[in-house]
1. Can you find a residue in region 23-39 that is within 14 Å of ligand 2 (Cβ to nearest atom), at pLDDT 85 or above and among the β-branched types (Val, Ile, Thr)?
2. Do we have any residue at all in region 127-148 that's within 29 Å of Ile250 (Cβ to Cβ), in contact with a Leu (Cβ under 9 Å, 6 or more places away or on another chain), acidic (Asp, Glu) and not in a strand (DSSP E or B)?
3. Say we look at region 11-27 and pick out the residues that are within 19 Å of the chain's Cα centre (by Cα) and β-branched (Val, Ile, Thr); which of these is farthest from ligand 1 (Cβ to nearest atom)?
4. Name every residue in region 66-85 that is closer than 19 Å to Ser161 by Cβ, assigned to a helix (DSSP H, G or I) and either within 16 Å of ligand 1 (Cβ to nearest atom) or of a type in the set (A, V, I, L, M) (or both), in order of residue number.
5. For Gly393, all conditions in the list (1) at positive phi; (2) touching a Lys or Arg at 6+ places or on another chain (Cβ under 8 Å) hold save one; what is the number of the exception?
6. Go through the residues of region 118-139 one by one and say whether even a single one is within 16 Å of ligand 2 (Cβ to nearest atom), of a type in the set (Asp, Glu) and in contact with a strand residue (DSSP E or B) (Cβ under 6 Å, 6 or more places away or on another chain).
7. Within region 44-52, can one find any residue that is within 16 Å of ligand 1 (Cβ to nearest atom), in contact (Cβ under 8 Å) with a residue 60 or more places away in the chain, in contact with a Lys or Arg (Cβ under 8 Å, 6 or more places away or on another chain) and not in a loop (DSSP other than H, G, I, E, B)?
8. So is Arg121 assigned to a strand (DSSP E or B), away from ligand 1 (no atom under 16 Å from the Cβ) and modelled with pLDDT of 95 or more or not?
Amino acid sequence: MLSLYIHIPFCVKNCPYCSFSVVQNPNNEMIQTYLNNLHSEIDQRWKVFWKAEIRTIYFGWWTPNLIWAEEIKKLIYHCEKVFNCENVGELSFECNPFPQDQIYEFVSQLQKSFKKYPRVRFSFGIQSLDNWVLENAWRPYTFPGMVDFLRWLRDLKLENSVYNFDFMAFGVFNQTKKWDLQLWTPSALEFFQDFVNSWFADSFSLYMLELFEHQKWKKNPEWNSSVIQQYGLFWNEDEIYEEFDILKNIIQEWWYKRYEISNFAAVGKSSIHNRVYREMEDYLWLWLAASSFINAKSQYFWDIIEYLKKVDSSLNPEWQNGIRWTNTPYFPKYIWNEKLGESAIQPLSHSDYLIESFFLSLRTDRWIGDISKFKSVLVEDYTEKIKLYEENGFLKLRENGFVLSDEWMDCYNGIITELLKEI
Ligand SMILES: C[S@@+](CC[C@H](N)C(=O)[O-])C[C@H]1O[C@@H](n2cnc3c(N)ncnc32)[C@H](O)[C@@H]1O
Ligand code: SF4
């Protein structure tokens, strides 16, 4: 089965902490052109994957304020027309919790239109319950506003709805009158505990703030230093870990099981889309620079080879483990429909496959179960390096493999580059 990821890169405002590349406040023409493009891409994929059975459809990034349910429904109906969607297991939408009434309308329309699917999942980006953080992250709501949002959301939930809530550890603590450190406020933290304990949420995503050079918070040293002066704690990684730990413990205390480094779910409610990606099952991503992947063991692998043979009869690929391809690297090219075409297909050798599998497994609850499986792509002294990481508290050894500790943020890239030979 194939999974589809449909990307919408438009946001009303580019949030200052956001690590994703988004197009801020696009005009209508741009939005319409992009939507037309997604539709034309669905048709192009159909030529290869005719009536392919679809497992999940996921809409990611974006702020729904710019593209509402009508357009999203058209994209899904188009997929239903050209692919076989009878056994779709999950439809998933990322969204913000504002503007409140329109989001309720968005959720209820999509739930109503796709009742037939076993799971319609929404991931709401709450991020924090600290008013100061929310204000500085330009989120147009406060902690009391979120209480109200969640209260009314309860009435919308249907039998097949799955609600996920995104939070981030920003590393901001408040000082009490007694000079103790307090995460958020006592009432916000108590509300979070009650909310988790109510089991209304099916799952949580919990991220740690990561900042890269291009981000506004990083780029503005003046603002940055005024924040540091005021709080003295901001972007101190230890505080980020501490906040992560507090929230993680509350979530786990109420039996949400961690299935990925940043994801926790009630039994049977983990995201199927995430699993498809990490387990390297077949997926098509539709958007610019989308990297699709087809495993050599799957029937679609052979469909694509047949199709390519028709396009180019001289083709004789020795593709051992699968193929991946990117449609186009630049946004203007995507918008104006100049795709790279099938010539961009990259065969994955056994080593490519192992490397990819290594860094994807590291983020799952399977972690690295048997390190010897990856021996051929690891540096000679990998056992010593792993030992050193363990001594520094970055990972924990498990039988023949290892799991990352919660300080992974410091070492994830390091582990990848230091342990793998070819990176
Ligand atoms: C694709 S994003 C956005 C979803 C939605 N547009 C929103 O803003 O809520 C998915 C999640 O990534 C997380 N995220 C965004 N920027 C981040 C950063 N700099 N570091 C860590 N997590 C981040 C946020 O929790 C966000 O909800
Ligand atoms: S956090 Fe969400 S709303 Fe903000 S810029 Fe990133 S994707 Fe857009």
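The values are calculated or read from the model by the stated rules, or taken from the named source; none is laboratory data. Computed from a predicted model, the values in this text were never measured in an experiment. Neighbour counts run over all protein chains shown; Cβ positions are idealised from the backbone, glycine included.
1. Yes, because at least one residue in region 23-39 is within 14 Å of ligand 2 (Cβ to nearest atom), at pLDDT 85 or above and among the β-branched types (Val, Ile, Thr).
2. yes
3. Applying the filter and picking the extreme gives Val23.
4. Within region 66-85, the subset closer than 19 Å to Ser161 by Cβ is 68-69, 72-73, 76, 85.
Narrowing further to those that are assigned to a helix (DSSP H, G or I): 69, 72-73, 76.
Hits for region 66-85 are Ala69, Ile72, Ile76.
5. (2)
6. There is no residue in region 118-139 that is within 16 Å of ligand 2 (Cβ to nearest atom), of a type in the set (Asp, Glu) and in contact with a strand residue (DSSP E or B) (Cβ under 6 Å, 6 or more places away or on another chain).
7. Pass one, region 44-52, residues within 16 Å of ligand 1 (Cβ to nearest atom): none.
No, region 44-52 contains no residue that is within 16 Å of ligand 1 (Cβ to nearest atom), in contact (Cβ under 8 Å) with a residue 60 or more places away in the chain, in contact with a Lys or Arg (Cβ under 8 Å, 6 or more places away or on another chain) and not in a loop (DSSP other than H, G, I, E, B).
8. On the way: assigned to a strand (DSSP E or B): yes; away from ligand 1 (no atom under 16 Å from the Cβ): no; modelled with pLDDT of 95 or more: yes.
Considered against the rule, which asks whether it is assigned to a strand (DSSP E or B), away from ligand 1 (no atom under 16 Å from the Cβ) and modelled with pLDDT of 95 or more, Arg121 comes out as no.
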